[in-house]
Amino acid sequence: MILVEAFYLGSIGSAIGGIIGGTLSAVMEKTGINIATMGGGIIEKIDIPLPFIGRILYPDFTFSILIGSMVFGIVVALAAVIYPAIKSLRMLPVEAFRSELKV
């Protein structure tokens, strides 16, 4: 039950994050991110030479990256609840619901 709930929460969170992140990446792919103005222009003040990067970054938006990040979000959500799920399996159901799960 704990793993199913984590799967649903991870799926919903990954879907919402994928929609927001995918939209922002698609927009930034066309307009670019001007890193010279980030941090109040600190990069221009320091004048760091960026040999392989220009002052404007253009992210690469692909659906394989989007799907991979969504799957990664679900896997992380499931990995985060494996230990508490195993711990609660060793308890009686009544004790698991009444007590705080002490790790």
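The values are calculated or read from the model by the stated rules, or taken from the named source; none is laboratory data. Keep in mind the model is a prediction, meaning the values are calculated, not measured. As a convention, Cβ positions derive from the backbone with ideal geometry for all residues, glycine included, and neighbour counts pool all protein chains shown.
I'd like to know if the range 18-34 contains one or more residues that are farther than 30 Å from A85 by Cβ, part of a loop (DSSP other than H, G, I, E, B), at pLDDT below 90 and over 19 Å from the mean Cα position of the chain (by Cα).
Filtering the range 18-34 for residues farther than 30 Å from A85 by Cβ gives 22-34.
Next, only the ones that are part of a loop (DSSP other than H, G, I, E, B) stay: 32.
Okay, now just the ones that are also at pLDDT below 90, so 32.
Next, only the ones that are over 19 Å from the mean Cα position of the chain (by Cα) stay: 32.
For the range 18-34, residues farther than 30 Å from A85 by Cβ, part of a loop (DSSP other than H, G, I, E, B), at pLDDT below 90 and over 19 Å from the mean Cα position of the chain (by Cα): present.
Taking the range 68-91 on its own, how many of its residues are assigned to a helix (DSSP H, G or I) and of a type in the set (K, R)?
Initial filter on the range 68-91 (assigned to a helix (DSSP H, G or I)): 68-80, 82-89.
Still in the list and also of a type in the set (K, R): 87.
Counting residues in the range 68-91 that are assigned to a helix (DSSP H, G or I) and of a type in the set (K, R) gives 1.
Tell me which residues, restricted to the range 54-89, are surrounded by 12 or more Cβ atoms within 10 Å (Cβ to Cβ), small (G, A, S) and either in contact with a strand residue (DSSP E or B) (Cβ under 8 Å, 6 or more places away or on another chain) or under 11 Å from G18 (Cβ atoms) (or both).
Result: S69, G73.
Give me a count of the residues in the range 56-89 that are within 13 Å of the chain's Cα centre (by Cα) and of a type in the set (S, T, Y). Let's see the steps before the verdict.
Filtering the range 56-89 for residues within 13 Å of the chain's Cα centre (by Cα) gives 65-77.
Retained after the next criterion (residues that are of a type in the set (S, T, Y)): 69.
The total comes to 1.
Just one of (1) exposed (fewer than 13 other Cβ atoms within 10 Å of the Cβ); (2) modelled with pLDDT under 90; (3) not in a loop (DSSP other than H, G, I, E, B) trips up V4, so point out which.
It fails just one condition, (2).
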